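The values are calculated or read from the model by the stated rules, or taken from the named source; none is laboratory data. Values in this document were obtained by computation on a predicted structure and should not be read as measured data. Cβ placement follows ideal geometry from the backbone for every residue including glycine, while neighbour counts extend to all protein chains displayed. Heads up: the accessible areas ignore ligands, DNA and RNA and are worked out on the full protein's heavy atoms, side chains in. Shrake-Rupley method; radii C 1.70, N 1.55, O 1.52, S 1.80 Å.
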Amino acid sequence: MAQVEATTERVVAADAEKVFDALADYSGTRQKLLPGHFSEYEVREGGDGEGTLVHWKLQATSKRVRDCLLEVSEPTDGELVEKDRNSSMVTTWRVTPAGEGKTLVVVTTTWQGAGGIGGFFEKTFAPKGLGRIYDELLAKLATEVEK
């Protein structure tokens, strides 16, 4: 099994604190940002950053659906980490100032991929697919915080 990694980033025309607060608001803003690949969204504990437990299903492809139960932590300022209780998947959101009134948002997801030929295809194509999903989410984030 090889580690698979997908990273996407975007500069958003809003202050870092506003961007981070929007991403950490699982009981409000976050659900509005999710593209159609996400379903069955439910906050089970908390709802604002650290200590949140959130559930969703992520349909990465027509045949691949991940049932995610994510524990949220904030290990450092400007960082949200979502660890899936159902798999090895970890998504890290890093929010850093990028000049006056601008913020760089970097989202990185890692997981232990399959072995063999299936693992080769997963490592080759999954990051691109997940990248497209997060591009859409980050575009919605920009629309939300640049109001």
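Details
- Leading residue by the ranking (nearest to Tyr26 (Cα to Cα)) among those in the stretch 44-64 that are assigned to a loop (DSSP other than H, G, I, E, B) and at pLDDT below 95: Ala60
- Long-range neighbours under 9 Å by Cβ, at least six apart or interchain, first residue in contact (Cβ under 8 Å) with a residue 40 or more places away in the chain within the stretch 75-98, second open to solvent by 20 Å² or more (accessible area, probe 1.4 Å) and of a type in the set (Phe, Trp, Tyr): Gly78/Phe20; Leu80/Phe20; Trp93/Phe20; Val95/Phe20
- Hits in the stretch 17-68 - residues which are within 17 Å of Leu138 (Cβ to Cβ), of a type in the set (Phe, Trp, Tyr) and over 12 Å from the mean Cα position of the chain (by Cα): Phe20
- For Ala114, the test of being among the small types (Gly, Ala, Ser), assigned to a loop (DSSP other than H, G, I, E, B), in contact with a helix residue (DSSP H, G or I) (Cβ under 9 Å, 6 or more places away or on another chain) and surrounded by fewer than 17 Cβ atoms within 10 Å (Cβ to Cβ) is passed.
- The listed residue being closer than 26 Å to Val12 by Cα, open to solvent by 20 Å² or more (accessible area, probe 1.4 Å), among the hydrophobic types (A, V, I, L, M, F, W, C) and in a strand (DSSP E or B), out of Val72, Val106: Val106
- In the stretch 4-43, the residues that are in contact with a strand residue (DSSP E or B) (Cβ under 6 Å, 6 or more places away or on another chain), farther than 22 Å from Gly78 by Cα and either open to solvent by 10 Å² or more (accessible area, probe 1.4 Å) or in a loop (DSSP other than H, G, I, E, B) (or both): His37, Phe38, Ser39, Glu40, Tyr41, Glu42
- Leu141, sole failed condition from (1) open to solvent by 30 Å² or more (accessible area, probe 1.4 Å); (2) closer than 27 Å to Ala16 by Cα; (3) of a type outside the set (Phe, Trp, Tyr): (1)
- For the stretch 79-91, a tally of residues being at pLDDT 95 or above and buried (at least 17 other Cβ atoms within 10 Å of the Cβ) returns 5.
- Only listed residue being touching a Leu at 6+ places or on another chain (Cβ under 9 Å) and open to solvent by 20 Å² or more (accessible area, probe 1.4 Å), chosen from Asp135, Asp48, Asp67: Asp67
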